[in-house]
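Okay, structure first, notes after.
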Amino acid sequence: MIMLMMESLESKISNQLNNKKMNRITYEAEFFDKSQHPKMELGAHYSVDVITCDSDGLLNIAFYDYDTDEWIFHADTMHDHKTIDFIWMYAPEEFILKVKQKLSEYKEGDIVPYKNSRGNIKLAKITSFETVDNGKIWFRGIDTVTSAKVYYPVHLSKKLKANKI
């Protein structure tokens with residue numbers, strides 16, 4: 001049932017992104033009862049966003065507030081989640097990365113600016129993307145002149161491009 005919901009969610013997002021079909025992602029999920037709370041990061045007051053599903057098949061995005069000891073839902077629904085059972089799962093990181101990449105101006109094969117270790121602005125051809133620990137997307141690429149390997153944050157490259165430096 002959850003696999004079908006994920007395929008449905010993937011299909012909806014795919015249709016919204018210029019009607020281009022997203023690459024299929026196979027995701028093995030672990031499901032939790034609402035009485036189980038997402039792991040608490042040191043010093044955090046609330047959890048990461050998770051995907052929930054109730055017995056009616058209603059999907060939602062929620063997080064757990066550790067201070068008030070309750071679930072908070074991003075979408076206001078007709079359900080009172082304090083009385084309705086639901087299960088939850090962590091959002092699939094690969095899926096989120098694919099969506100972020102689709103929404104990014106940059107694609108694999110693009111030639112984009114970056115600063116090398118000497119502070120010189122150069123160009124690189126993107127070969128892949130990855131999400132680092134803080135949630136930012138970095139690209140891997142090859143310098144267009146020297147063929148050196150490049151690893152650089154997408155958001156900083158976009159600033160260079162916007163400033164046309």
Residue within region 121-133 that is surrounded by 14 or more Cβ atoms within 10 Å (Cβ to Cβ), in contact (Cβ under 8 Å) with a residue 24 or more places away in the chain and in contact with a Leu (Cβ under 9 Å, 6 or more places away or on another chain) present: yes
Matching residues, region 41-62, being open to solvent by 40 Å² or more (accessible area, probe 1.4 Å) and either β-branched (Val, Ile, Thr) or within 22 Å of the chain's Cα centre (by Cα) (or both): Glu41, Leu42, His45, Tyr46, Val48, Asp49, Leu58, Leu59, Ile61
Criterion (free of Cβ contacts under 8 Å to residues at least 40 places away in the same chain and part of a helix (DSSP H, G or I)) met by exactly one of Ile72, Ile96: Ile96
Yes/no for Thr83 being at pLDDT below 85 and either among the charged types (D, E, K, R) or loosely packed, with under 14 Cβ neighbours inside 10 Å (or both): yes
Within region 26-40, considering residues that are in a loop (DSSP other than H, G, I, E, B) and of a type in the set (Phe, Trp, Tyr), the one most open to solvent (accessible area, probe 1.4 Å): Phe31
Pairs, first under 29 Å from Leu42 (Cα atoms) in region 53-68, second in a strand (DSSP E or B) and among the charged types (D, E, K, R), C-beta under 9 Å, six or more apart: Asn60/Asp54; Tyr64/Glu70
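Hey, can you tell me all the residues within region 130-154 that are part of a loop (DSSP other than H, G, I, E, B) and either modelled with pLDDT of 85 or more or touching a strand residue (DSSP E or B) at 6+ places or on another chain (Cβ under 9 Å) (or both)?
Residues of region 130-154 that are part of a loop (DSSP other than H, G, I, E, B), as a first pass: 132-136, 144-148.
Correct list: Val132, Lys136, Thr144, Val145, Thr146, Ser147, Ala148.
The values are calculated or read from the model by the stated rules, or taken from the named source; none is laboratory data. Only a predicted model underlies this, so the values are computations on that prediction, with no experimental measurement involved. Note that each Cβ is placed from the backbone with ideal geometry, even for glycine, and that neighbours are counted across all protein chains shown. Side chains included, ligands, DNA and RNA excluded: accessible areas come from the protein's heavy atoms. Shrake-Rupley method; radii C 1.70, N 1.55, O 1.52, S 1.80 Å.
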